[in-house]
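What follows is a short report on a single structure.
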Amino acid sequence: MDFNLSEDQQAFAQTARQFAESELAPHAAKWDREHIFPKDTIKAAGELGFCGLYTPEEAGGLGLSRLDSSIIFEQLAMGCTATTAMLTIHNMATWMVASFGTDAVKDKYVEQLVMGELLASYCLTEPGSGSDAASLKTKAVLEGDEYVINGSKMFISGAGETEVLVVMARTGGAAGISAFVVPADAKGVEYGKAEEKMGWNAQPTRLISFEDVRIPAHNLLGAEGEGFKFAMQGLDGGRINIATCSIGTAQAALNTAREYLKERTQFGKPLAAFQALQFKIADMNTELVAARQMVRLAAFKLDNNDVEKTTYCAMAKRFATDVGFTVCNDALQIHGGYGYIKEYPLERHVRDVRVHQILEGTNEIMRVIIARRILAESASDVL
């Protein structure tokens, strides 16, 4: 296994780094402070292909691997965590529409989604079903050539600002969960207030209610009952994506801390001369490298449809989001009081990465997934 990046991957990373440094990082603090959702910037990202990274080429996307996409998202997250996280969600929704949509749906939406001219939200979580996604209650009933949707979704990123909703709804019995494309402005779609959050302030989060929302029957993705399978496939990649956002943000925090240690003087010498802080930053870097390699391994497993891909994605998500938060928090601590004020980006990094341990399946649920696989009779000695 070659751990070095290929020439193409280095070029992807360089392009993403340049975009992050010029279009994301200079504005990230203002977007966070003023709760600005930077749609124009996301559209500019779409012009570079960043809104359809792993959408198939035949549908207009770049058709990159999940590993390639992870390398790009890491660089983008160094510029703005919340905006990059929204890009990862949009990519997941766009991939679902392009991969499982009817020709009518693809023709109507995919090109604009790939270009960032339309943005998409992923609607799975409900007020009464977070970790237990299979218990969702939103229903879609077929009436003639239309589905009628009723229910609600909670904690939906981009809600109220995006144009397309990928909605999971029950169409049958216990396994009857289906996926639909719903225009965000369809009659009967209502949005709650923008939630006041600890972080991720550069994107809105709202409740969405569906009351007798009618959509064409061809807006069904795949066949009835396949939605939960699509959702779980999407979440494997989503867990890699959010883990990658943690890694990129933590790398930015580590870079800031490194420069601070070299510049800040106490007791007549730079902080970098104190062994305790040398040990601290050494541990931060070591754990970050380990997390990065675990995420890339999980992406490799997913790209190759490995039988253990879901377990690896869960392990990577659990480990990388925990490490990402710890590294950001330690970087803040290194800055002392300066880390706690908004003149420096550390407090924003800490706030933004904290939610990564919750979404795309909480880290407790990741442990459940991992433990069940380890304890299964068919588990090998080494996954």
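The values are calculated or read from the model by the stated rules, or taken from the named source; none is laboratory data. Computed from a prediction, not measured in an experiment: that's the story for all the values here. When we count neighbours, we look across all protein chains shown, and the Cβ atoms used for this are built from the backbone with ideal geometry, even at glycine. Calculation scope for accessible area: heavy atoms of the full protein, side chains included, ligands and nucleic acids excluded. Shrake-Rupley method; radii C 1.70, N 1.55, O 1.52, S 1.80 Å.
For the chain, with a Gaussian network of springs between Cα atoms less than 10 Å apart, report the residue from Y312, Y338, Y54 with the top mean-square fluctuation. Residue with maximal mean-square fluctuation among Y312, Y338, Y54: Y338.
Length gained on full extension, N150 to A290: 46.0 nm, using 0.36 nm per residue less the C-alpha separation.
Per 0.36 nm of contour for each residue apart, how much would the distance between E21 and A104 grow if the chain were fully extended, relative to their Cα-Cα spacing? Before the final figure, lay out the partial values.
Working: separation 83, 0.36 × 83 = 29.88 nm, distance 3.83 nm.
That works out to 26.0 nm of additional length.
Centre-to-centre separation between the Cα atoms of region 312-340 and those of region 1-24: 22 Å.
Modelled label positions at M232 and S6, each set 7 Å beyond Cα in the direction of Cβ, lie 3.0 nm from each other.
Carbon and sulfur atoms: what percent of the 1.4 Å accessible area of region 72-188 do they account for?
Details: 1990 of 3890 Å².
So the carbon and sulfur contribution to the accessible surface is 51 percent.
For region 119-192, taking Cα atoms only, Rg and Dmax work out to 11.8, 34 Å respectively.
Remark: region 35-92 is approximated by an ellipsoid whose semi-axes, taken from the C-alpha gyration tensor as √(5λ), come to 19, 13, 8 Å, largest first. Farthest toward the positive end of the dipole of region 143-242, out of A217, F180, G158, is the Cα of G158, where the dipole comes from beta carbon charges about the Cα centre. Our note on the geometry: Cα centres of region 130-171 and region 263-309, 39 Å apart.
May I ask you to list, by number, the DSSP H helices of the chain whose Cα span along the axis is at least 20 Å and whose average Kyte-Doolittle hydropathy reaches 0.0 or more?
Working: long enough: 81-100 (29 Å, 0.81); 227-263 (53 Å, -0.05); 275-303 (42 Å, 0.22); 309-334 (37 Å, 0.22).
For the chain, where a helix must reach 20 Å along its axis and average at least 0.0, the hits are 81-100, 275-303, 309-334.
Run the Debye formula on the Cα coordinates of region 1-110, all scatterers equal and no solvent, and tell me log10 I(q)/I(0) at q = 0.12, 0.14, 0.24 1/Å. Result of the Debye calculation: -0.43, -0.58, -1.29. Taking a straight line from the alpha carbon of K262, these lysines sit under 20 Å away, with near neighbours fewer than eight places off in the same chain left out: K280.
Computed from label points 7 Å out along Cα-Cβ, the spacing between D283 and A186 is 5.1 nm.
Taking only DSSP H segments of four or more residues, each worth -39500 (n - 2.57), what value at 222 nm results for the chain once the sum is divided by all its residues, to the nearest 500 deg cm²/dmol? Mind dumping the intermediate values first?
On the way: 12 runs with 184 residues, N = 383.
That comes out to -16000 deg cm²/dmol.
Label-to-label distance, K39 versus T265, with points set 7 angstrom from Cα along the beta-carbon direction: 5.1 nm.
Given N residues in region 37-186, what is its alpha carbon radius of gyration divided by 2.2 N^0.38 Å?
Numbers: Rg = 15.6 Å, N = 150, 2.2 N^0.38 = 14.8 Å.
Dividing the Cα radius of gyration by 2.2 N^0.38 Å gives 1.05.
Look at where the Cα atoms of region 36-90 and of region 342-362 average out, and the two centres are 19 Å apart.
What is the Cα radius of gyration of the chain over 2.2 N^0.38 Å, N being its residue count?
On the way: Rg = 21.0 Å, N = 383, 2.2 N^0.38 = 21.1 Å.
Computed over Cα atoms of the chain, the ratio equals 0.99.
Considering only alpha-carbon pairs that sit under 8 angstrom and 6 or more positions apart, the relative contact order computed for the chain is 16 percent. For the residue pairs K139/K229; K30/K197; K197/K342; K229/K309; K39/K187, the alpha carbons lie more than 19 Å apart in K39/K187.
Find how much the distance from K137 to I341 grows on full extension, using 0.36 nm per residue of separation minus their present alpha carbon separation; answer in nm with one decimal. It would help to have the intermediate numbers written out before the result.
Values: separation 204, 0.36 × 204 = 73.44 nm, distance 4.28 nm.
Here the answer is 69.2 nm.
If you build the Cα gyration tensor of region 187-266 and take the root of 5 times each eigenvalue, what three semi-axes come out, in whole angstrom, biggest first? Don't skip to the end; give the middle numbers.
Values: eigenvalues 344, 80, 11 Å².
Calculated on Cα positions only, the semi-axes equal 42, 20, 7 Å.
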